[in-house]
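Novice: I have a structure I would like to understand better, so I am pasting it below and will then ask my questions one at a time.
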Amino acid sequence: MGRRYRFLSVGLGPLGVRIASDVVARGLGEVVAGVDPAFAGRALSELVPGAAVDVAVGARLDDVAGPIDVAIVATASDLPAVAPTLRALLARHINVVSTCEELAWPWDRHLELAGELSQLALARGVHLLGTGVNPGFVMDALPIAVTTVCSAVRRVEVHRIQDAGMRRLPFQAKIGATLSVAEFHARVAAGTVRHVGLRESASMIASALGLVLEQYEESIEPVIAEQPMTCGLGPIAAGDVRGVHQEARVTSGGREVISLVFHAAIGEAEPHDRVIVEGEPRVDLTIAGGVHGDVATSAVTLNAIVGLLDLDHAPGLHAMSTIPLRGCAPPRR
């Protein structure tokens, strides 16, 4: 049933802990080490049930010894901030899969850095992949896969509508829940409130379909609470922000070819994911209720790892559109 892998978890916030816990629960391997300055010195098994016993969480990568097959990096969204960690891991001949959104398709926003990381992974004979539910699947890999049944594609449209009340607290903070409208706009300007990844998703789709990204436009607006409500971060007054609405549009050949709508808010009544392909034939696919972001991010990350390593895929920097799509990986025995 395939070998069991030795995992290192870098970043033990809610998402990192969930992924590491799923490694154990799904029987995919062993979590033998963890790194996170916020939890340095604590027993890894306290944070991740079933993880290696008598192992303390390290503050730095230098604190980790012993053989590691793959590292899961769940720390930041911005690639330049994560790059030093990626370099250090690749230099140690460790495969890396990260939830860093800008790593999902780095050849647009960070072309030079992508080239550097790709060359380092190739030189060390290991894999580097950025993935997750979004970017990584729902708004890019999934619509690309849907076009497999088409003989021609004129336009791709994707809607991701989420009830953020079901998501982890850092996600609720990232979409601006509980803020006043003025605070929302101030934090958007500072870059701390936003969904990161629409440009990466658009670029991945455009590349897969052979479209030249001639013009890219993105907008962001608050979703306002019409009545008092509450979420994991606290109360939301009527008139304050309960979420975010972002849209991205790509023009190629003088016409709009890609439209992405990301809407995440507390108390959203009809969450769903929808992919519309205007082509031959036309395809309109809706996932009622939507894909749960936290559950799916962990699943996509782990299934992609198993697919990459089991298939002995070519080393280097990859995206979800450059590797075979892999279903749910079975337990290792």
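Throughout, read-outs are computed from the coordinates displayed, never taken from laboratory work. Everything numeric here is computed off the predicted structure, so don't read it as measured data. FYI the Cβ positions are ideal-geometry reconstructions off the backbone, even for glycines, and counts take in every protein chain you see.
Novice: Report relative contact order for the chain in percent, whole number only (criteria: Cα-Cα under 8 Å, sequence separation at least 6).
Specialist: Values: 753 pairs, mean separation 67.8, N = 333.
Contact order relative to length: 20 percent.
Novice: When log10 I(q)/I(0) by the Debye sum over Cα atoms at q = 0.07 Å⁻¹ is calculated directly from the model, which label among [x] -0.48; [y] -0.23; [z] -0.29 fits?
Specialist: Of the labelled values, this structure produces [z].
Novice: Based only on Cα atoms, what Rg/Rh ratio does region 1-110 have, Rh being taken as Kirkwood's radius? Don't skip to the end; give the middle numbers.
Specialist: Working: Rg = 13.4 Å, Rh = 14.0 Å.
Rounded to two decimals, Rg over Rh is 0.96.
Novice: List the DSSP H helices in the chain whose Cα atoms stretch 27 Å or more along the helix axis and whose mean Kyte-Doolittle hydropathy is at least 0.5. Intermediate results must be reported in sequence, preceding the final value.
Specialist: Numbers: long enough: none.
What comes out of the filter, once short or polar helices are dropped, is none.
Novice: Right, something else. Once amide H atoms are placed 1.01 Å from N in the peptide plane, what residues at a sequence separation of 5 or more from Ile258, or on another chain, have their amide H within under 5 Å of its amide H?
Specialist: Val156, Val250
Novice: Also, I was wondering about something else. For n ≥ 4 DSSP H runs only, could you compute -39500 (n - 2.57) per run for the chain, divide by its residues and tell me the 222 nm figure to the nearest 500?
Specialist: Values: 10 runs with 98 residues, N = 333.
Taking each H run of at least 4 residues, the total per residue is -8500 deg cm²/dmol.
Novice: How much net charge surrounds Ile224 when only other residues with a Cβ under 14 Å from its Cβ are counted (Lys, Arg +1; Asp, Glu -1)?
Specialist: Numbers: positive: Arg242; negative: Glu183, Glu221, Glu226, Asp240, Glu268.
Taking every Cβ under 14 Å from that of Ile224, the sum is -4.
Novice: Where the centre of each part is set by its Cα atoms, how far does region 1-68 sit from region 70-84, in angstrom?
Specialist: Using only Cα atoms to place each centre, the spacing works out to 16 Å.
Novice: Starting at the first residue of region 265-275, write each ³J(HN,Hα) from the Karplus equation 6.51 cos²θ - 1.76 cosθ + 1.60 with θ = phi - 60°, in whole Hz, x for Gly and Pro.
Specialist: 8, 5, x, 5, 6, 10, x, 6, 10, 9, 10
Novice: Taking only Cα atoms and a 10 Å spring cutoff, compute GNM fluctuations for the chain and point out the largest among Pro80, Pro143, Pro135.
Specialist: Ranking Pro80, Pro143, Pro135 by mean-square fluctuation puts Pro80 first.
Novice: Just to compare against my own numbers: the Cα pair-distance distribution for region 116-176, 10 Å bins, whole % per bin, please.
Specialist: Answer for region 116-176: a P(r) of 16, 30, 28, 25, 2 percent.
Novice: What is the Cα convex hull volume of region 141-290 when expressed per residue in Å³?
Specialist: Details: hull volume 16.4 nm³, N = 150.
It is 109 Å³ per residue.
Novice: Further question: Over the chain, what is the percentage of antiparallel beta bridges among all DSSP beta bridges, to the nearest 5? All intermediate terms of the calculation are to be shown ahead of the outcome.
Specialist: Numbers: 39 of 68 bridges.
Approximately 55 percent, going by the DSSP bridge assignments.
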